[in-house]
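Quick notes on the structure that follows.
The values are calculated or read from the model by the stated rules, or taken from the named source; none is laboratory data. Since the structure is predicted, the reported quantities are computational estimates derived from the model, not experimental observations. Please note: Cβ atoms are built from the backbone with ideal geometry, for glycine as well, and neighbour counts cover all protein chains shown. Ligands, DNA and RNA are stripped out before the accessible areas are found, and what is left, the full protein with its side chains, is counted by its heavy atoms. Shrake-Rupley method; radii C 1.70, N 1.55, O 1.52, S 1.80 Å.
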Amino acid sequence: MRNVSIPVALIKFRRKQREKGKYIVPFFLKDEDEMKIEQVVEYYDSMCDRKIGDFDEKRIIEIMDDMKVGRAVQFVMGNFYCFRSPDFSGYFSSRDVEVLDKMGVSSAGSLRGLLFEFVNERYGGFCGARDKVILEFGDKWGLGDGVDDALWSDQDDEKVLGKCGDVKDVVLLYNRGVIKTLFSNSENVSIVLPELPGRMIRRIYLLCKYNGVLCDISVEGEGEGEGEGEGGGGRYVLEISGPVELFGKPEKYGHKIGNVAIGIFGVLECVEYSFTSVVFIKNRKYVFSMAGEEVKRMGLRVGVVGAKGDEFDSAPEEKFFSFFRDEKLSWKVEREPAPIVTDEFVYVPDFSFLRGNSKVFVEIMGYFTEYYQKKKIWKLGRMKEMDVPMIIVANSTYDEGIKREIEEVGYPVVYFKGKNIPYGPILRILEEKFSDFDERINVIEGEKGRIAAEIDGDVARAGFVPAGLLKEKFGCFTDDEFDACMDVIGVNGVYIKGAGVFSASKIEELRGIVEVACSKKRDRAYVARKFLDAGVDVVDVVVGYLGYAIKWQGLSKTQIIKQKKRS
Amino acid sequence: MGTANVIIFQKGHDIAVESDTALDVAHLVPLEDEVKEPLLVREMSSYKTNLEYKYRVLPMHYFSVKDALAKEKITVKFRDENKLSFRTKLKVTPRDYQAQAHKMWVGNDMRGVVVLPTGTGKTIQALIAIDYLCENTLVVVPTIDLIKQWKMSVVENLGVREDDIGVFGGGEHEIKAITIITYASAQKYISALAVRFDLVIFDEVHHLPSEVYRTIAMGLIARHRLGLSATPERADELHLDLDDLIGPVVFRKEHEDVSSYIANFKLEKISVKLSDEEKERYDENMKIFRNFLISRRIRFTGPRSYSRIVMMSGRSKAAYDALIAHNEARKIALNADAKIKVVLELLEKHRKDKVIIFSEYISIVEIISKKYLIALITSKTGRKERETILSHFRDGTYTKIASGKVLDEGIDVADASVGIIISGTGSKREYIQRLGRILRPKKDTAVLYELVSEKTLETKAASRRKLKRKGEDK
């Protein structure tokens, strides 16, 4: 969908005085105006290939029955019809065009240059008998009859109307142009809505960032807490504005605000909203407001400007997400986590890590302006006051003062350079500072008797309980956690780390298998088959526990040998 | 206020001032209707420092704020002095009036506008100021062509190396101690320029007060400001804002006051009659216009009345039609067929001379160019074509050129000895600018022809021109 800006002087509107100030109610084209637009299109079509002087602007005004609307419609029609200068092929034969091209003459201007040199050489800089002179000029260069017209073909009077696009959606373009122009003369837009899903907030923030405008989301009424933005009867207010500046007109950032506002309407397709904007027209302030329903009813299903599908703010963010999404880790990374709503602002983290009941947010502070750094640090400070678990990943090129301020917030900080974020330190911090294992192991310790009896019972029945099953049973996420749990519980069976718990009889059975394999020089595959028959799917650690080792000979041959006792 | 910890820094296009105590700066900026605004405006969204009171000030008011704080014995640290790192050497001797103008400008704290006729050395006036102050200087000019002229003049007349001069505009982006920049580029890149120059010079300063370009003056902290023009007055009266943006007119000389420095010229007014058909169309259109004035009880007195009708045309078809009719009548008066014939007579008379034909309307110069096969320069002429034409005119390959308003200002067109004004507007500035094109010191007396249509708007406009020179009415 194209973007059309109609000059503000051509926007027809009514003024209304209300309690909150002076309002403007713009005129929009409606369905019933389609017939008039068809007539306008018919007129334009009839004027195609005719010169600019033949085109009567008044006709458009007559059709639309309004001077401002008529002239504004002409602006919109400029998207589909335009006056252009004919090229040389309209005046000369292809042979002549070729000759001129070889001489470096491909435009009316350069052809005129040749003519003026000719006139100055022979006639002292001007001539009264132009037709005769032009004929002489044409003969000199072997050009045909079209030379006179070609010489002035780039002048406005010679331009002809042509079609430069399929005519459609004129009404829509007009209405969109009115809204865009009003926004372009505004200093801010406030959008009010009862609900604001986290995914939409993220998209809106990207839009604002992409267009260089500020976006603040505040909550009016109830609605605090982390969540999907549906909390407690409050409403959300999105305020889009340019940065505070004395310099320039108050509506200085209007066209960017306009782009963002229209883009946000696209994001809010399925949501109820209304907007209010402070608009400046001829140095007077007006309020322009509409309900989202009206915008949609006009068919303004606008595309999202500037923010696409899975766009990341930066390359480091993109790499971060790819790594944690692809690695088989117990911590799962989530994009676009739900926003955190405070009574003053809404905070949108970059990512979150989830494991069990634990959720840790990640803020990646990349190439921010100083102003934005400070604002971010302030918001993070407020998050810390609310005990929101977070890791800050910050650009190592920040100056020392900023780094100090970031660290003083109190969250763990990991620094990165270029596009590479160090993942090891982040994982370590997640385990050391945000794991809830201490709570889990306390629970396990409290029930160790029952758990040990359960495991012993399973071992007695099956002879072997794999470590994986036990890990799930205990709710452990890592091998270290599982080992710690086993230390606490204390089972009767034989616990082999990395394998599971065995009954004594099962161990003896497995020992027999390994001894035979060793004495008869059998390979690992033999042991694995036999172990599987015995219901055990772990080979190497059990063989090692039993005092044997698997010796590899080359790439595929193995042999079971007895381990040498260390003195 | 007592002692205060104040920090100042550039923030975007503004200057930010942050303090641990409230700053009640007494200086106020008077606006229309006596509404006054403080120089410092409080703002809440800065995070640069932990100081409680955060303000913004327009760069052009920076020194006013600094001086006000100094009176309260509050000193601030901000790099606001930019001296040249090299010496300049003025290689020309200022003329009497140039020395006088400089003295008046210095006497007004080095802020103000100097008004001198075209061709009387305004560029040298600027070089005198640069040489005097030895500060980093920004020179703002209307067109890219003028950048080259200025640069050459600074090198030749001030002894500055080319490497020390930055050029900004027409694809080049160099900021150096002396930088020459177009109005368009200065307006666009103002925040990069804001704190780097102590002296700013505006050539053809009548452009500055426009809504767009005034931000250049607002966005610079430069304490010292010089505006140069032959006619600073504007039809929309925005020239009154030059007092705030630069300073008052500190020196003015009219054409006759500096006549000994410029070539004598002859002014000839030639009256032509409209054809019957032209007269009929003219009268018809003027009737529409006059009827509108009567119906709305508007007394038409000049540019202000015209502006009022233009504003009305936005919402009134009658006003729109009246405006169209007035423009049409004006066009007929200004571009009468008889004038085109007179042009040919004059060209025949001055066959061996270099002639420039001026017109306000591009359509008439296109007619002249087409009819008499004369090289043409208008705002629509491409850069390459324009350079070729000017170059040929300079070296004598072309002896006749026709031009719209684009050659009105500043560009060195090389000496032409004959000027023909086909249409005038009554605007004193344009008329004087056109004179300048041929008023370069040379041997022969130059002549300027003004072709006026009898018994039309143009006759009245021509009579508004105040130049008193020797001349004859034909």
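Tabulated data for the structure shown
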read-out	value
Restricting segment B:385-401 to residues that are facing another protein chain (nearest Cβ under 8 Å) and of a type in the set (D, E, K, R), the residue that is farthest from A:GLU121 (Cα to Cα)	B:GLU385
Check on A:GLU509, out of contact with any Pro (no Cβ under 8 Å at 6 or more places or on another chain) and assigned by TED's automatic domain parsing to the domain that holds A:GLY547	yes
Subset of segment B:208-220 [closer than 25 Å to B:ASP131 by Cα and either surrounded by fewer than 23 Cβ atoms within 10 Å (Cβ to Cβ) or within 12 Å of chain A (Cβ to nearest Cβ) (or both)]	B:ILE216, B:ALA217, B:MET218, B:GLY219, B:LEU220
Failed item in (1) at pLDDT below 90; (2) within 30 Å of A:GLY109 (Cα to Cα); (3) not polar (S, T, N, Q), with A:MET67 passing the rest	(2)
Which numbered condition A:PHE368 misses (of (1) at pLDDT 90 or above; (2) touching a strand residue (DSSP E or B) at 6+ places or on another chain (Cβ under 9 Å); (3) within 30 Å of A:PHE345 (Cα to Cα); (4) not in a strand (DSSP E or B))	(1)
Filter pass, A:ASP540 being of a type outside the set (A, V, I, L, M) and either open to solvent by 30 Å² or more (accessible area, probe 1.4 Å) or more than 30 Å from A:ALA453 (Cβ to Cβ) (or both)	yes
Flag for A:ARG84 being of a type in the set (Lys, Arg), touching a strand residue (DSSP E or B) at 6+ places or on another chain (Cβ under 8 Å) and more than 9 Å from chain B (Cβ to nearest Cβ)	yes
Checking A:LYS285 against (1) open to solvent by 60 Å² or more (accessible area, probe 1.4 Å); (2) at pLDDT below 75, the condition it does not meet	(2)
Condition check for A:GLY512: in contact with an Asp or Glu (Cβ under 9 Å, 6 or more places away or on another chain), under 27 Å from A:ASP456 (Cβ atoms) and surrounded by fewer than 19 Cβ atoms within 10 Å (Cβ to Cβ)	no
Search result, residues across segment B:364-381 that are in a loop (DSSP other than H, G, I, E, B) and either within 8 Å of chain A (Cβ to nearest Cβ) or touching a residue at least 60 places away in the same chain (Cβ under 8 Å) (or both)	B:LEU373, B:ILE374, B:LYS380, B:THR381
The listed residue being at the interface with another protein chain (Cβ under 9 Å from one of its Cβ atoms) and either assigned to a strand (DSSP E or B) or closer than 27 Å to B:ARG234 by Cα (or both), out of B:ARG351, B:ARG330, B:ARG315, B:ARG308	B:ARG315
Residue in segment B:53-83 that is nearest to B:GLU162 (Cα to Cα), counting only those that are open to solvent by less than 20 Å² (accessible area, probe 1.4 Å) and more than 14 Å from chain A (Cβ to nearest Cβ)	B:ASN82
Test: residue in segment A:108-129 that is within 30 Å of A:ILE6 (Cβ to Cβ), assigned to a helix (DSSP H, G or I) and within 13 Å of chain B (Cβ to nearest Cβ)	no
From the options A:ASP96, A:ASP157, residue that is part of a helix (DSSP H, G or I), farther than 27 Å from B:ARG351 by Cβ and within 11 Å of chain B (Cβ to nearest Cβ)	A:ASP157
Residue list for segment A:419-448, restricted to those being of a type in the set (Gly, Ala, Ser) and either open to solvent by 50 Å² or more (accessible area, probe 1.4 Å) or touching a residue at least 60 places away in the same chain (Cβ under 8 Å) (or both)	A:SER435, A:GLY446
Residue within segment A:526-533 that is under 17 Å from A:ALA467 (Cα atoms), modelled with pLDDT of 90 or more and surrounded by 15 or more Cβ atoms within 10 Å (Cβ to Cβ) present	yes
Among (1) more than 12 Å from chain A (Cβ to nearest Cβ); (2) open to solvent by less than 20 Å² (accessible area, probe 1.4 Å); (3) part of a loop (DSSP other than H, G, I, E, B) - the single one B:THR301 does not satisfy	(2)
Counted residues, segment A:1-33 - those being within 18 Å of A:MET298 (Cβ to Cβ) and either modelled with pLDDT under 90 or outside any helix (DSSP H, G or I) (or both)	19
